[in-house]
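Trainee: Starting off with a structure, shown below.
What follows is calculated from the coordinates using simple rules that are stated; it is not laboratory data. What you see is a predicted model; the values in this text were computed from it and never measured. Here the Cβ positions follow ideal geometry from the backbone for every residue, glycine too, while neighbour counts run over all protein chains shown.
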Amino acid sequence: MTRRESVGCIGVALGSAISLMGVGKAPRLAPGAPNSPERKALVTALREKLGAVTPRFEARVHSGAEGKRMPYRLFRATGTAGKVPLVVYLHGSGGLGDDNRKQLAGGNLFGSHLWALPENQKKHPCFIVAPQTSFGWIRYDAERTAGGPRPNPVAGFGLGARMVVEIVDALRKEFSIDEQRLYVMGNSMGGGGTWHLLAHRPGMFAAAIPVAGGKTSDDVRNLVGVPLWNFHGDADETVPVEVSRERIAALRKAGGKPVHTEYPGVGHNVNEWAFSESAVVEWLFAQKRRG
């Protein structure tokens with residue numbers, strides 16, 4: 001195994017210590033060291049393509065639990081008949097609010113838009129839903145507001161995550177969605193929200209892609225059977241890479257086989273590397289929930 005491949009499997013800093021716990025089969029990563037011109041060119045090329053599909057995300061609002069309203073954007077699958085997957089994207093803290101725009105912009109562009117590109121829709125048509133929260137996905141010890149402090153996570157199923165489930169359930173009734181291929185992913189706060197949603201609805205999703213996921217109080221050991229590809233940069237100063245390492249180690253110790261890709265020298269904008277991996281689209285749509 002090359003050094004580059006080992007980074008994709010286990011993370012440079014943990015080396016063989018975590019490989020002994022068992023790992024998922026790592027898809028082949030894009031060529032080039034993370035900060036090489038070759039690798040950065042992939043990020044730049046993808047960024048230039050993604051903005052073209054933004055107008056196809058229609059604005060909607062869900063009225064749900066506890067009288068709260070949650071804006072969301074919906075991309076409709078194209079050129080297909082029959083049931084197709086649904087991709088759920090949870091935004092990071094930069095998307096907090098109720099303008100129904102920020103969850104698609106900035107650090108949320110890559111994870112929300114990748115699946116809507118024409119070449120990906122042609123091969124893997126899917127619906128995409130990108131909800132927006134002003135109060136977070138998980139539960140906190142104080143109400144979280146846009147621009148406010150970051151309180152500590154506490155136990156229990158967060159209202160934001162519960163409303164995401166409500167939106168997904170409503171879309172399943174409205175459209176022809178394959179219930180065996182529901183996928184969830186998110187960046188930063190949304191990465192933590194992804195872990196949180198999986199922990200409270202472990203049988204709902206066929207696969208997940210958490211990216212630089214923030215802290216939650218959830219026990220991840222019941223996610224043993226969930227296909228999961230986790231990403232983090234080891235130079236992240238916003239959400240330390242140890243947060244991911246601890247989750248992955250706990251899940252592997254319980255018998256899970258998540259894929260964990262760690263990029264040396266990459267900071268909190270790791271979503272740009274994660275979603276520009278050429279293998280990530282094929283990996284996601286190859287997953288299907290059994291039963």
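Trainee: To the nearest 20 debye, what charge dipole does region 63-184 have about its Cα centre, counting +1 at the Cβ of each Lys and Arg and -1 at the Cβ of each Asp and Glu?
Mentor: Roughly 220 debye, rounded to the nearest 20.
Trainee: Please give me the summed charge of the neighbours of Thr80: other residues whose Cβ is under 12 Å from its Cβ, Lys and Arg +1, Asp and Glu -1.
Mentor: +3
Trainee: Continuing with the same structure: With only Lys, Arg, Asp and Glu charged, each at its Cβ (+1 for the first two, -1 for the last two), find how big the charge dipole of the chain is about the Cα centre; round to the nearest 20 debye.
Mentor: Roughly 680 debye for the chain.
Trainee: Sticking with this one: Suppose we keep just the DSSP beta bridges with both residues in the chain; what percent of those would be antiparallel, to 5?
Mentor: 35
Trainee: Taking trypsin sites (Lys or Arg not before Pro) as candidate sites, keep only those in a DSSP loop with at most 13 other Cβ atoms within 10 Å, then name the longest stretch of the chain containing none of them.
Mentor: Between exposed loop sites, the widest span is 29-287.
Trainee: Which values of log₁₀ I(q)/I(0), to two decimal places, follow from the Debye formula for the chain at q = 0.08 Å⁻¹ with a uniform point scatterer at every Cα?
Mentor: At q = 0.08 Å⁻¹ the computed log10 ratios are -0.30.
Trainee: Using helices alone, I'd like the mean residue ellipticity at 222 nm for the chain: each DSSP H run of four-plus residues gives -39500 (n - 2.57), total over residue count, nearest 500.
Mentor: On the way: 10 runs with 88 residues, N = 291.
Dividing the helical sum by the residues of the chain leaves -8500 deg cm²/dmol.
Trainee: Here is a further query. Sequence gap at least 6, Cα distance under 8 Å: using those rules, report the relative contact order of region 3-285 to the nearest whole percent.
Mentor: Reported relative contact order: 21 percent.
Trainee: Sticking with this structure for a sec: Considering only Pro264, Ser188, Ile209, whose Cα is most displaced toward the positive end of the charge dipole of the chain, charges sitting on Cβ of Lys, Arg (+1) and Asp, Glu (-1)?
Mentor: Ile209
Trainee: Okay, next question. All other residues with a Cβ under 10 Å from the Cβ of Thr54 taken together, and with Lys, Arg as +1 and Asp, Glu as -1, what is their net charge?
Mentor: Result for the neighbourhood of Thr54: +3.
Trainee: Something else now. Using DSSP to call loops (not H, G, I, E or B), can you name the GluC sites (Glu not before Pro) in region 231-274 whose Cβ has at most 11 other Cβ atoms within 10 angstrom?
Mentor: Taking region 231-274 and a limit of 11 other Cβ atoms within 10 Å, the loop GluC sites (Glu not before Pro) found are Glu237.
Trainee: ³J(HN,Hα) across region 76-93 via Karplus (A = 6.51, B = -1.76, C = 1.60, θ = phi - 60°), whole Hz, x for Gly/Pro?
Mentor: With the stated coefficients, region 76-93 comes to 8, 4, 10, x, 8, 10, x, 7, 9, x, 10, 9, 9, 10, 9, 6, x, 5 Hz.
Trainee: Order these by the 10 Å Cβ neighbour count, fewest first: Leu182, Leu50.
Mentor: In increasing order of surrounding Cβ atoms, one gets Leu50, Leu182.
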